[in-house]
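Student: Dumping the structure here so I can ask a few things about it.
The values are calculated or read from the model by the stated rules, or taken from the named source; none is laboratory data. These numbers come from a predicted model, not from an experiment. FYI the Cβ positions are ideal-geometry reconstructions off the backbone, even for glycines, and counts take in every protein chain you see.
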Amino acid sequence: MKSISTLTLTGPNTSDMLARGKLDLDENRLMQGIRCKVTFPIQNTSGGAITLSDTQKQSLLDGFRVKLSYGKSNRRIPYNLLSLTRMQRIARLLLGSEWEGYTNSSTGLARSLTNGTTTQCVLWVVIPTGYLWNDRDFVRFFGVGRYQAKTMQLEWKRGTDSLPSGCAFNGNITVEVFPDDFSCAKYHNRFTYLPEWQEVDEIDKVARLPRGLPLYLSEDSAVQLSTVLSNIEVRIGEDVLYTDMSAIDGMIQKLDVPNAPGESYLNDRETPLYWPLTPDVRIKDLPAGEPRLRQITKTLGTAKFRGLIMPIPGEDEVREDIQDVAGKTIANKTLRAVNLARVLGLQDYPDHLHAYAPMVFFDQTEPEFEQYAGLVSDAGRLFETGEAASVFIPASLLERARGAYAQYRANGEAQSAEGVAQQLALQLPGAVQDVRGFASRGSRTLDDVRKTIS
């Protein structure tokens, strides 16, 4: 971990940015968070010492917003001007821990503010970029490699200051940016489509969020104990999580799980509706699809339906992102992008989850460049403006696949032949375009592979 830059917020309604290309990781590092050391200079002229209550700390954090974007033209925005209070909840869900400094009484936001002085309070804000605390098999699977990091842009905004009477910020608020990374000897140059925070306000009985792999769902009108959602149905795709139940009763199954970090904290902030990131759950078992909240009995005028969802990037987007990374401003070399799950040989990784797996880049100096099928810049040529990545299958793989495919077809075993095409296509990022995998529908990438081996 090293200091990258220091952003400065000079007053209310100001902003500062770590621009695209500035988040530069060292070689062989994988980043699972962006750690920001935020220093608040709080002046107390109230006439007595003050220690901020939890409510006051939340009001302070509500005055700051964060935006993180990445990819070609920075079109992916997992956190779009989210308040620090929301980012704090997301961090607890994904990291399984509290931000350092939030409850610290020596140097953090919980320290005593002496009257007549300016006290420097430090809070370490962690913006998650791939860490999932609960599943030991995937703790270091998702993450951001050096090339993807260079596409990232981080913006901080300071809105209206909110402090107790007699207190004010005295000077600039500084945000020192560090990559929260670790040494990763193999397959470190990863590109992960990060979970995205989604919001919808719905006056109808049914509220919907974009399809994908939901990691958390909530209703944001009230804390759990005050919710009026007395008879609801919550589902993900065709999977009904619970129905004809109140929001409180529907979550009992999860809230009874021991050691769920931040359990009381989240219940005190909003109404959780779906919370799978607990020690008893594995990522490979999670349902995927469109999240829906239905008020069977309409008791809430406007449902503020919220969710943290891993997206399914489109095939064109994936290929254009590879083009972007391989271009002159980032890697400036020929790259092959391969599905990391296939490189690692994860045997029990369900096909539909390949839609969310990171892709890993190999250049022509690495042996893996010729070992795996992947998306490459026009079969080995550097990208030019407007081009997109192309399917490339190494000769040895292609020969074996063609032989097996032809043999199955000759024997009238059409499903087995299709299985050859599908297993080869899974090596290519973006091949899976549906929450149910190839069982529901194919993709252009699968069609390209099928044509190549037939």
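Student: Quick one: which strands (runs of 3 or more DSSP E) sit completely within the stretch 134-204 and have at least 3 residues that are within 14 Å of the chain's Cα centre (by Cα) and closer than 21 Å to residue 34 by Cα?
Tutor: 196-202
Student: Since residue 126 meets every condition but one in (1) under 20 Å from residue 341 (Cβ atoms); (2) crowded, with 21+ Cβ neighbours inside 10 Å, which condition does it not meet?
Tutor: Condition (1) is where residue 126 drops out.
Student: Go through the stretch 63-90 and give me each residue that's β-branched (Val, Ile, Thr), within 29 Å of residue 323 (Cβ to Cβ) and buried (at least 20 other Cβ atoms within 10 Å of the Cβ).
Tutor: Across the stretch 63-90, the qualifying residue is only 66.
Student: Can you find, within the stretch 383-412, the residue that is surrounded by the most Cβ atoms within 10 Å (Cβ to Cβ) among those that are within 16 Å of residue 72 (Cβ to Cβ) and either modelled with pLDDT of 90 or more or out of contact with any strand residue (DSSP E or B) (no Cβ under 6 Å at 6 or more places or on another chain) (or both)?
Tutor: 383
Student: A further question on this structure: If you take the residues of the stretch 133-171 that are surrounded by 17 or more Cβ atoms within 10 Å (Cβ to Cβ), touching a strand residue (DSSP E or B) at 6+ places or on another chain (Cβ under 9 Å) and among the polar types (S, T, N, Q), which of them is nearest to residue 80 (Cα to Cα)?
Tutor: Among those that are surrounded by 17 or more Cβ atoms within 10 Å (Cβ to Cβ), touching a strand residue (DSSP E or B) at 6+ places or on another chain (Cβ under 9 Å) and among the polar types (S, T, N, Q), it is 153.
Student: So in the stretch 205-232, with the set limited to residues that are among the hydroxyl-bearing types (Ser, Thr, Tyr) and either touching a Lys or Arg at 6+ places or on another chain (Cβ under 6 Å) or not in a loop (DSSP other than H, G, I, E, B) (or both), which one is surrounded by the fewest Cβ atoms within 10 Å (Cβ to Cβ)?
Tutor: 226
Student: Quickly run through the stretch 233-251 and pick out the residues that are part of a loop (DSSP other than H, G, I, E, B), exposed (fewer than 14 other Cβ atoms within 10 Å of the Cβ) and either basic (Lys, Arg) or free of Cβ contacts under 8 Å to residues at least 40 places away in the same chain (or both).
Tutor: none
Residue-wise test of (1) buried (at least 19 other Cβ atoms within 10 Å of the Cβ); (2) under 22 Å from residue 130 (Cβ atoms); (3) modelled with pLDDT of 95 or more.
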residue: 266; (1), (2), (3): yes, yes, no
residue: 279; (1), (2), (3): no, yes, no
residue: 283; (1), (2), (3): yes, yes, no
residue: 293; (1), (2), (3): yes, no, yes
residue: 305; (1), (2), (3): yes, no, yes
residue: 325; (1), (2), (3): yes, yes, no
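Student: Which numbered condition trips up residue 88, out of (1) closer than 26 Å to residue 20 by Cα; (2) part of a strand (DSSP E or B); (3) not hydrophobic (A, V, I, L, M, F, W, C)?
Tutor: The number of the failed condition is (2).
Student: In the stretch 91-113, how many are surrounded by fewer than 16 Cβ atoms within 10 Å (Cβ to Cβ) and either in contact with a strand residue (DSSP E or B) (Cβ under 6 Å, 6 or more places away or on another chain) or not in a loop (DSSP other than H, G, I, E, B) (or both)?
Tutor: 1
Student: In the list 56, 32, 43, which residue meets the criterion of being part of a strand (DSSP E or B), over 26 Å from residue 138 (Cα atoms) and either touching a residue at least 60 places away in the same chain (Cβ under 8 Å) or among the acidic types (Asp, Glu) (or both)?
Tutor: It is 43.
Student: Out of all the residues in the stretch 332-351, which are crowded, with 18+ Cβ neighbours inside 10 Å and modelled with pLDDT of 90 or more?
Tutor: Result: 335, 336, 337, 338, 339, 340, 341, 342, 343.
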